[in-house]
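Note sheet for the following structure.
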Amino acid sequence: MTVLFSVVAVVLFSVLVPVHAAAYGSPLAVTMLLGAAAAAAPLLSLRSPTAAIVLFTGGALLLPLTVPRTGAVSAPWPWSVPLLLCFAMTVAALTFQYGWRQGLTQLFAGTAAGLVAAVMQPTIPSANSLIVTASVVGGVYLVAVLLAGRLRLGEELTRERAHTAQEQARRELVEERTRIARELHDVVAHSMSLIQVQAATARYRVAGLPPEAAAEFDDIAASARQSLAEMRRVLGVLRTEDHAAQLAPQRGIDDIPALVETARRAGASIALAHAVDGEVAAATQIAAYRIVQEAISNALRHAPGSEIAVTVTADDEAVSLRVRNDHEAGHDQAVSPGGHGLRGMTERTAVLGGTVRAGQDGGAWVVAAVIPRHPASAPQEGTP
């Protein structure tokens, strides 16, 4: 816009000064000064509408007064054609940028300047020039008002469409999250509650239950209660529209030994090497815990009875995880590359700028992940 108005100002100035100097006989130096004021008004309106109005009105008032009577009689006065074009451009520029009030102010001020000049020189014919200028600039003003209104309406409609599309996307997201939460609550949480209740009451319902079996049922009930607590947290996150739920403390690297101990009580043979000191970002801790949890779960599911080795280490830059299970003892660990567990591990590490690898290593299945200790961009702590 600045470039366009600069070109317009140069063109108007280049036409106005020669016309007034040659056809009207105005002094060249004064004509250049006042002509620059009138021609530069549209460009100045980009920064200050008030200054543009004052500058043009002053130029439009003084420029006709520099014309000798002989020049004024032989050409249109007090408005010359180049000055009329400057007037129309200034009114249009103000109207487009600032609305009808600023444009109308310039229309009235410019018209008044012409009338004042005509009153100050009553012996010079001016009626035709005043009528033509008022009509032409008034028509330009009306067209500018209509076009400006149309453009602003189009911009408002575009913004409203964008806002509507955003709201629609947000509603669809909320509806989908609510649907998932409902399914988890009605199906998974209900089934887990039944498991917890049955395991917790087994020692009272089954006569002569051995102590070892009773302890096993107690462990099952404890795992079910823990799973239900995790499920409630996930449901709270899914039902929070601002995605910022803080419903319970998240598990982290320090909770991995307890996770391993729980798996041992369930009969798994797990060796743990845990050496992480110092501060680790919350997002990294959550991801590390979930990856180890998923890797142990996969090992127990696909290679029951195998030896599992969990290694958790860290340096100044990253936290390294390695879960290895030996399944040579006749167990077939067929993990689908498209499974949700491996996909979840990959997504967690990718969000934090880390890497994860899962696959065969000799006669073992290995899950190895490296996660930045302090990710540059981490999700909120409430994200599951």
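Tabulated results
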read-out: Cα lying deepest toward the dipole's positive end in the chain, options V280, I220, G236, charges on Cβ; value: G236
read-out: Cα-based radius of gyration of the chain once divided by 2.2 N^0.38 Å, which approximates compact folds; value: 1.92
read-out: Rounded to 5, the percent of DSSP beta bridges in the chain classed as antiparallel; value: 75
read-out: Sites E212 and H190, calculated FRET efficiency, Cβ-Cβ separation with R0 22 Å, nearest 0.05; value: 0.15
read-out: Added length on full extension, which subtracts the Cα-Cα distance from 0.36 nm per residue, E176 to T50; value: 40.0 nm
read-out: Total charge dipole magnitude, the chain, about the Cα centre, Cβ charges on Lys, Arg, Asp, Glu only, Debye to nearest 20; value: 1860
read-out: Rotationally averaged projected area of region 2-125 (alpha carbon convex hull; nm²); value: 6.6
read-out: L28 versus L153: modelled label distance in nm, points set 7 Å from Cα along the beta carbon direction; value: 5.2
read-out: Förster-model FRET efficiency, 41 Å R0, V136 and E160, C-beta, rounded to 0.05; value: 0.65
read-out: Total formal charge among the other residues, if their Cβ is under 14 angstrom from that of G99, Lys/Arg +1 and Asp/Glu -1; value: +1
read-out: Extreme residue, positive dipole direction of the chain, given options M1, A75, A189 (C-beta unit charges); value: A75
read-out: Whole-Hz couplings from phi, Karplus 6.51/-1.76/1.60, listed for region 275-288; x for Gly and Pro; value: 9, 10, 10, x, 7, 10, 4, 4, 4, 5, 4, 4, 4, 4
read-out: Protection proxy ranking, peptides 197-204, 95-102, 128-135, average beta carbon neighbours within 10 Å, highest first; value: 95-102, 128-135, 197-204
read-out: Residue-averaged [θ]222 nm for the chain, counting only DSSP H segments that reach four residues, each worth -39500 (n - 2.57); value: -22000 deg cm²/dmol
read-out: Highest average packing first - 263-270, 15-22, Cβ atoms within 10 Å; value: 15-22, 263-270
read-out: Nearest-0.05 FRET efficiency for L104 and V370, computed from C-beta distance (R0 56 Å); value: 0.25
read-out: Most to least packed among 187-196, 226-235 [average Cβ atoms within 10 Å]; value: 226-235, 187-196
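FYI, it's all coordinate maths here, none of it is from the lab. For clarity, every value in this text was computed on a predicted model and none was experimentally measured. Quick reminder, even Gly has a Cβ in these numbers, built from the backbone with ideal geometry, and neighbours come from all protein chains shown.
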